[in-house]
1. Of all residues in the range 137-181 being charged (D, E, K, R) and out of contact with any Pro (no Cβ under 8 Å at 6 or more places or on another chain), which is modelled with the lowest pLDDT?
2. Which count do you get for residues in the range 26-57 that are at pLDDT below 90, buried (at least 24 other Cβ atoms within 10 Å of the Cβ) and either farther than 15 Å from Ala13 by Cβ or more than 12 Å from the chain's Cα centre (by Cα) (or both)?
3. Given the criteria assigned to a helix (DSSP H, G or I), loosely packed, with under 14 Cβ neighbours inside 10 Å, free of Cβ contacts under 8 Å to residues at least 40 places away in the same chain and hydrophobic (A, V, I, L, M, F, W, C), does Ala73 qualify?
4. Among (1) at pLDDT below 90; (2) surrounded by fewer than 23 Cβ atoms within 10 Å (Cβ to Cβ), where does Ile14 come up short?
5. Would you point out which residue out of Ser75, Ser65, Ser106 is touching a Ser or Thr at 6+ places or on another chain (Cβ under 8 Å), modelled with pLDDT under 95 and more than 16 Å from Ala155 (Cβ to Cβ)?
6. I'm trying to understand the selection: among the residues of the range 15-67, which are part of a loop (DSSP other than H, G, I, E, B) and of a type outside the set (Gly, Ala, Ser)?
Amino acid sequence: MRWFAVLILAYLAIAVQNGMEGVVRWWGGGPNLALLAAVFIAINAPRDAALLGCFVIGLMQDLVSQQPLGMFALSYGLMGWIVNGMGQVVYRAHPLTHVALALLGSLVTTMMILLAGWLHPPTAAGVSAGGAILPAVRVPIGGLLSGAVWTAILAPMVLGILHRLRKWFAFDPMRRKMKVY
């Protein structure tokens, strides 16, 4: 697997996701393109590379999110473990598979975020340096669930395009033609 291509995919997915965050909202939630990149890696890569790739994509998303460091890395790693285990059973290029796996990955991520909020609740309202009262920040469950649906709706288009670009990632080295001298 070509790690440089995976890192570029993760960077582009996170950049586009953050760029359209304020524009594309549906009931408080937006699509998670980094999750779709992680699902793509989990479907196509060998097990060890898929788990590490999903973890790295999650870590990159952790660096630009407001969640605790490691939240997306852990949830994408868990999602990659589940999806990679299903890789032998499902038809990887089918749009319904893309929808189901994106919805599964979104729900795993949502459950991890909600569990972290339940185990470590946000602090009470605080006061900033200027004297303004800052309310506690809570993650709305409606926004997380609508983001999961939005991600599942976009999955066939995004993963369909990525499936056509599979050769750039060199997931299966045995399919490459060998030069005979």
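The values are calculated or read from the model by the stated rules, or taken from the named source; none is laboratory data. Every value quoted in this text rests on a predicted model; they were computed, and no experiment measured them. Neighbour counts run over all protein chains shown; Cβ positions are idealised from the backbone, glycine included.
1. For the range 137-181, the residue satisfying everything is Arg176.
2. 0
3. For Ala73, the condition - assigned to a helix (DSSP H, G or I), loosely packed, with under 14 Cβ neighbours inside 10 Å, free of Cβ contacts under 8 Å to residues at least 40 places away in the same chain and hydrophobic (A, V, I, L, M, F, W, C) - is not met.
4. (1)
5. Going through Ser75, Ser65, Ser106 in turn, just one is touching a Ser or Thr at 6+ places or on another chain (Cβ under 8 Å), modelled with pLDDT under 95 and more than 16 Å from Ala155 (Cβ to Cβ): Ser75.
6. Looking only at the range 15-67, we keep the residues that are part of a loop (DSSP other than H, G, I, E, B), and these are 20-25, 27-28, 30-32, 45-46, 65-67.
Of everything in the range 15-67, those that are part of a loop (DSSP other than H, G, I, E, B) and of a type outside the set (Gly, Ala, Ser) turn out to be Met20, Glu21, Val23, Val24, Arg25, Trp27, Pro31, Asn32, Pro46, Gln66, Gln67.
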